[in-house]
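What follows is a short report on a single structure.
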Amino acid sequence: MLDLALLDFLFTSKVQVLEMTQPAIETRALTRKFGNTVAVRDLSLRVRRGEVFALLGPNGAGKTTTVRMLSCLIRPSAGTALVAGNDIIQDALKIREVVGLLPENPGLYPELSAYYTLDFYAKLYGVPASERKRRIRDLLELLGIWERRNEPVGRFSRGMQQKVAIARALVHDPEVLFLDEPTASLAPESAKVVREFIRKLRRKGRTILLCTHNLHEAEQLCDRVAILKTSLLTVGSPTELEREFGTQRVEIQLKRITARILQAVRRIGGVRKVKRGKRTLTVEVDDSSEVNPRIASAIVKAGGKIVWMKQASSLEEAYLKVVEST
């Protein structure tokens, strides 16, 4: 006789596994035209749940247009996409309920206070009163503006307004968060606060799609990046793109550099080039994951003392090589 309890358990488990493996965002030949101009052409990609994913590209590459389609602000000219399992054409209202959006221009009401702004939007999303109070306080404290919650946002600096806009995008606890240039035009200290906040969201498993021109920011924050120029040019982790398109380098500071140390490093298989500074070596390598440990070992054996050793960023080089080749 069939055990209905077991069948129910197996069915529920299968559904849970499918939900976990289903991407947070999946685009299928997504295309958008404005008149005769193609802004986005045949974009197909998948963003995993809990992933911070960046869209990189020059001005006019289609990054903001892609976000506007995925958040159901505009319809695609062709193709479609799923966001949190919902179709952007058939389930637009549902998607608007489960995503948070930080547009390039925050678009706040200047006469409203920070607290009232968040309370207003939380009500629109149907967040219960008791939950609204807790979420608003948590978000404003986390972003460091709780003490100024009752001031009109029109008096705030650009950085503080950006923080309020980020809190507004999160006040309904969305499944997917779209951030369009979250640190653009911000002072360094404000940009740092925003980046730290994104890191906290990442640690909590939030799915974030980030549009940015800041390659250092993408390298710091993102699991994977896609490079767009109307069409998708390539996609991968920063390390994968550096490895495929860039030049891998390791920088090493030593107590003292001797001829013996230089000779030892140059002899290592996989070392392409060694540049000597006053107390630093910059070494170009084929594969840093394999060669770096051998470099460190060779330096120590040659009597060197390493102060620090770090992988030099080359995502910018990889990005420029990909974009300029099209």
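The values are calculated or read from the model by the stated rules, or taken from the named source; none is laboratory data. Not measured: the values here are computed from a predicted model. Every residue, glycine among them, receives a Cβ derived from its backbone with ideal geometry; neighbour counts consider all protein chains shown.
Results, tabulated for the structure shown:
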{"item": "Set T80, T64, T37: member being without any contact (Cβ under 8 Å) to a residue 40 or more places away in the chain and either on the phi > 0 side of the Ramachandran plot or not aromatic (F, W, Y) (or both)", "result": "T37"}
{"item": "Considering residues of the range 123-180 that are small (G, A, S) and part of a loop (DSSP other than H, G, I, E, B) only, the residue surrounded by the fewest Cβ atoms within 10 Å (Cβ to Cβ)", "result": "G126"}
{"item": "Test: residue in the range 73-81 that is at pLDDT below 95, small (G, A, S), within 27 Å of A218 (Cα to Cα) and not in a loop (DSSP other than H, G, I, E, B)", "result": "no"}
{"item": "Per-region count, the range 43-62, residues under 13 Å from the mean Cα position of the chain (by Cα) and within 16 Å of P103 (Cβ to Cβ)", "result": "1"}
{"item": "Evaluation of S297 against (1) free of Cβ contacts under 8 Å to residues at least 40 places away in the same chain; (2) part of a loop (DSSP other than H, G, I, E, B); (3) among the polar types (S, T, N, Q) (one fails), failing number", "result": "(2)"}
{"item": "Qualifying residue in the range 245-255 (condition: modelled with pLDDT under 95 and of a type in the set (F, W, Y))", "result": "yes"}
{"item": "Sole exception among (1) at pLDDT 95 or above; (2) in contact with a helix residue (DSSP H, G or I) (Cβ under 7 Å, 6 or more places away or on another chain) for P58, by number", "result": "(1)"}
{"item": "Leading residue by the ranking (nearest to E151 (Cα to Cα)) among those in the range 83-122 that are in contact (Cβ under 8 Å) with a residue 60 or more places away in the chain and part of a strand (DSSP E or B)", "result": "L102"}
{"item": "Residue within the range 260-280 that is modelled with pLDDT under 90 and small (G, A, S) present", "result": "no"}
{"item": "Residues of the range 85-108 satisfying the condition of being surrounded by fewer than 16 Cβ atoms within 10 Å (Cβ to Cβ), touching a helix residue (DSSP H, G or I) at 6+ places or on another chain (Cβ under 9 Å) and at pLDDT 95 or above", "result": "D87"}
{"item": "Any hit, the range 177-185, residues being assigned by TED's automatic domain parsing to the domain that holds L101 and farther than 24 Å from Y121 by Cα", "result": "yes"}
{"item": "Conditions (1) without any contact (Cβ under 8 Å) to a residue 60 or more places away in the chain; (2) surrounded by fewer than 17 Cβ atoms within 10 Å (Cβ to Cβ); (3) closer than 20 Å to L101 by Cβ; (4) small (G, A, S): number failed by A259", "result": "(3)"}
{"item": "Single residue of the range 269-290 satisfying the filter (assigned to a helix (DSSP H, G or I) and polar (S, T, N, Q)) that is nearest to Q248 (Cα to Cα)", "result": "S288"}
{"item": "Selection status of K310, modelled with pLDDT under 95, basic (K, R), closer than 30 Å to L55 by Cβ and assigned to a helix (DSSP H, G or I)", "result": "no"}
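The rows are residues; the columns are (1) touching a Pro at 6+ places or on another chain (Cβ under 6 Å); (2) of a type in the set (D, E, K, R).
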residue	(1), (2)
G60	no, no
M69	yes, no
L73	no, no
A78	no, no
L82	no, no
D87	no, yes
V99	yes, no
N105	no, no
T117	no, no
